[in-house]
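J.: Submitted below is the structure of interest, expressed as structure tokens.
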Amino acid sequence: MKKNNFLEGSFIATLGIVVCKIIGLIYVIPFYALITTKGATLYSFAYSIYAVFLSLSTSGIPYAMSKMVSEYNSLEYYHTKEKVYKLGFGIIMFLGVFFFLVMMITAPYISNFILGNNEATNINVGEVTLVIRLVSTALLVVPLLSVTKGYLQGHKIMTPPSISNVLEQIVRVIVILGGCYISLKIMHVKENIAIGISVFAATVGALAAYLYLAIVIKKNKNYFHKKATCKNEELKYTSKLLVKQIVLYSLPFIIIDLLKSSYNLVDTLTIVRTLTSLGYSGNLANTTFSVIATWGNKLSMIIISISMGISISLIPSLASNYVLKKKEAINHNVNQAIQALLYITIPMTLGLWFLARPVWIIFYSYDAFSIEVFKVFIFQAITFSLFSVLLNITQTTNHTKVTILTLFISFLGNALLNIPMMHLMHNAFHIGYQGASVATLITQILPSIYLLYFIHKKLEVNYKSTYINVFKICVCTLIMFVFLILLSLVIPIDALSKGKALIQTILYSSLGAIIYFITSYKCGLFNSLFSGLVSRFKPKKDAM
């Protein structure tokens, strides 16, 4: 067991998430080859609905657990933080079972609402109901896994949770590919059955990861309990009071996660219906939805995972500094989080936009329409990442009302703007299928600007260093982009086959990354952001 500082924790958490996303991307290649567009859409429907119920069943308790464990650990209330974990575990177990039953029972009604009376699609209510019910079983395991990760992260221990993430993904991918291949190629069952097995893999993967963390905690029991003797100051923290505190801490995270998931829900309920009503074919509407909800999202999640890793490490570090009223440390945490996030997400997003064609071909196949939709959607990687980190900052520092209100306004704006924006893009440019992506970009950029201002005022955060470094990031990214454009004049990006697409992607991404790193290093940007992390991982020389 080893505690990690903020930047080191961010690196470990991000690395684990990125590895998971890479595995998730790689498996997509054979998986997408095994299924049809119908299967891909079924898969998207199941996970879009599951994401909402998962937010309800976990109820923000993992985040609250990380925050509360960190706070009580900082105050040396060791008995109380162990009590919090036991109470949180019991609450989340009850919620998981409850929402599993709700999802199972309401699956037919949800399926009917998604599809409506649209006869242009080749998917029926029964097929959607089946995949929703099978993925609902994950609600019996994933919440328990999440709260256990939160407990470890609250101790600023990031390695075991990161390993569990990778283990969960590996097991899940094995079940998806093995189950799909056996059911379709050997047993020759219907495709909806194969997709059902694929979504059930989430349950199997989560179970494997949870058992791993349970074993880790059991083997290191003395590490967590060695100081767990109740102090007089802790006597006031009764079970009733702690449950109330867990609920109050979790409630904002419930709403935050629910509203984040609801972005996808808005797309699920509006894209297919609206586009078909505008005269687009059912196949085009389904493809638009699957790119935004699943296949394009899988590619952008490599970038978004950076914000997830930063947030996982930021919450316990920021909570600890906030409860101890360390203003300088808070200022450093906030600026470091924003700068590290943008240093990676801005060039990666622009690079993925530039290489959208060969990247899409590698993981799926050449489809000009899907690539066109993806090239607008990908910019959400920056806006969503920044918005998520800023929301976590305001919530972790107990500015709950502002967090919830900002996110609710963002969600409401997205819900109200989605359909009109599809109509506007259709009438003005005949690209109604880009309307949903544009609506989401607008409703993430504006709230992010407000949150930056709020954090500056309320937490007295000075953005001077961030302004300077973000300017350097943009200049370095621009230099990289100009280089890629000039290179494309010599070696055109015209791949149609996976082999050629892979060569072009490796060539352009490698050279682009080298150019960006060199320019950021020469202007002092890299050392400014990561010198502490580099020195932390350097092998120490023996004392003379």
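The values are calculated or read from the model by the stated rules, or taken from the named source; none is laboratory data. Values in this document were obtained by computation on a predicted structure and should not be read as measured data. Every residue, glycine among them, receives a Cβ derived from its backbone with ideal geometry; neighbour counts consider all protein chains shown.
J.: Could you check residue 146 against (1) out of contact with any Ser or Thr (no Cβ under 6 Å at 6 or more places or on another chain); (2) hydroxyl-bearing (Ser, Thr, Tyr); (3) surrounded by 18 or more Cβ atoms within 10 Å (Cβ to Cβ) and say which number it fails?
T.: (1)
J.: Let me ask you something else. Quick one: which helices (runs of 4 or more DSSP H) sit completely within the stretch 334-424 and have at least 2 residues that are farther than 26 Å from residue 262 by Cα, modelled with pLDDT of 90 or more and of a type outside the set (S, T, N, Q)? Quick ask: steps written out before the conclusion?
T.: Values: elements: 356-363, 368-377, 380-396.
The helices (runs of 4 or more DSSP H) meeting that bar are 356-363.
J.: Do we find that residue 356 is touching a residue at least 24 places away in the same chain (Cβ under 8 Å) and among the small types (Gly, Ala, Ser) in this structure?
T.: On the way: touching a residue at least 24 places away in the same chain (Cβ under 8 Å): no; among the small types (Gly, Ala, Ser): yes.
No.
J.: Scan 444, 434 and give me the residue that is over 14 Å from residue 373 (Cβ atoms) and part of a helix (DSSP H, G or I). Lay out the reasoning, then the answer.
T.: Details: 434 fails: over 14 Å from residue 373 (Cβ atoms).
So the residue among 444, 434 that is over 14 Å from residue 373 (Cβ atoms) and part of a helix (DSSP H, G or I) is 444.
J.: Evaluate the following for residue 181: is it over 23 Å from the mean Cα position of the chain (by Cα), modelled with pLDDT of 90 or more and surrounded by 14 or more Cβ atoms within 10 Å (Cβ to Cβ)?
T.: Values: over 23 Å from the mean Cα position of the chain (by Cα): yes; modelled with pLDDT of 90 or more: yes; surrounded by 14 or more Cβ atoms within 10 Å (Cβ to Cβ): yes.
It is true that residue 181 is over 23 Å from the mean Cα position of the chain (by Cα), modelled with pLDDT of 90 or more and surrounded by 14 or more Cβ atoms within 10 Å (Cβ to Cβ).
J.: Would the stretch 316-328 turn up any residue that is surrounded by fewer than 19 Cβ atoms within 10 Å (Cβ to Cβ), under 19 Å from residue 436 (Cα atoms) and out of contact with any Ser or Thr (no Cβ under 7 Å at 6 or more places or on another chain)?
T.: Our first condition is that a residue be surrounded by fewer than 19 Cβ atoms within 10 Å (Cβ to Cβ); within the stretch 316-328, this holds for 323-328.
Applying the additional criterion that residues be under 19 Å from residue 436 (Cα atoms) yields none.
Within the stretch 316-328, none of the residues are surrounded by fewer than 19 Cβ atoms within 10 Å (Cβ to Cβ), under 19 Å from residue 436 (Cα atoms) and out of contact with any Ser or Thr (no Cβ under 7 Å at 6 or more places or on another chain).
J.: So, one more: Output yes when any residue across the stretch 237-246 is within 24 Å of the chain's Cα centre (by Cα) and of a type outside the set (Gly, Ala, Ser), and no when none is.
T.: Checked against the condition, which is being within 24 Å of the chain's Cα centre (by Cα) and of a type outside the set (Gly, Ala, Ser), the stretch 237-246 yields at least one hit.
J.: Could you check the stretch 450-469 and list, in sequence order, the residues that are in contact (Cβ under 8 Å) with a residue 24 or more places away in the chain and either in a helix (DSSP H, G or I) or not hydrophobic (A, V, I, L, M, F, W, C) (or both)?
T.: At the first step, the residues of the stretch 450-469 found to be in contact (Cβ under 8 Å) with a residue 24 or more places away in the chain are 450-452, 454-455, 458-463, 465-466, 469.
Passing the criteria: 450, 451, 452, 454, 455, 458, 460, 462, 463, 465, 466, 469.
J.: So is residue 341 out of contact with any strand residue (DSSP E or B) (no Cβ under 9 Å at 6 or more places or on another chain), more than 30 Å from residue 487 (Cα to Cα) and of a type in the set (A, V, I, L, M, F, W, C) or not?
T.: Details: out of contact with any strand residue (DSSP E or B) (no Cβ under 9 Å at 6 or more places or on another chain): yes; more than 30 Å from residue 487 (Cα to Cα): no; of a type in the set (A, V, I, L, M, F, W, C): yes.
Answer is no for this residue.
J.: Hey, can you tell me all the residues within the stretch 486-513 that are without any contact (Cβ under 8 Å) to a residue 12 or more places away in the chain and of a type in the set (Val, Ile, Thr)?
T.: Selection gives 490, 503, 506.
J.: For a quick check of your reading of the model, give me the residue pairs whose first member lies in the stretch 470-483 and is assigned to a helix (DSSP H, G or I), whose second is surrounded by fewer than 18 Cβ atoms within 10 Å (Cβ to Cβ), with beta-carbon atoms closer than 6 Å and at least 6 apart or on different chains.
T.: So the pair list comes out as 472/523.
J.: Further question: Being under 26 Å from the mean Cα position of the chain (by Cα) and in a helix (DSSP H, G or I), is that true of even one residue in the stretch 488-496? Full working, then the answer.
T.: Here is the first cut: in the stretch 488-496, the residues under 26 Å from the mean Cα position of the chain (by Cα) are none.
Taking every residue of the stretch 488-496 in turn, none turns out to be under 26 Å from the mean Cα position of the chain (by Cα) and in a helix (DSSP H, G or I).
Residue by residue, here is whether (1) buried (at least 23 other Cβ atoms within 10 Å of the Cβ); (2) touching a Ser or Thr at 6+ places or on another chain (Cβ under 7 Å); (3) not aliphatic (A, V, I, L, M) holds:
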{"position": "128", "(1), (2), (3)": "yes, yes, no"}
{"position": "171", "(1), (2), (3)": "no, no, no"}
{"position": "185", "(1), (2), (3)": "no, no, yes"}
{"position": "200", "(1), (2), (3)": "no, yes, yes"}
{"position": "213", "(1), (2), (3)": "no, yes, no"}
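J.: Would you mind stating whether residue 261 is closer than 21 Å to residue 41 by Cα and at pLDDT below 75? Please lay out each step first, then the result.
T.: On the way: closer than 21 Å to residue 41 by Cα: yes; at pLDDT below 75: yes.
Yes: the conditions hold for residue 261.
J.: Also: Taking the condition over 26 Å from the mean Cα position of the chain (by Cα), over 24 Å from residue 201 (Cβ atoms), at pLDDT below 90 and in a helix (DSSP H, G or I), does residue 119 pass? Spell out how you get there, then give the answer.
T.: Details: over 26 Å from the mean Cα position of the chain (by Cα): yes; over 24 Å from residue 201 (Cβ atoms): yes; at pLDDT below 90: yes; in a helix (DSSP H, G or I): no.
Judged against the criteria, residue 119 is not a match.
J.: A further question follows. Is it true that some residue in the stretch 89-107 is touching a residue at least 12 places away in the same chain (Cβ under 8 Å), surrounded by fewer than 18 Cβ atoms within 10 Å (Cβ to Cβ) and farther than 25 Å from residue 255 by Cβ?
T.: No: zero hits.
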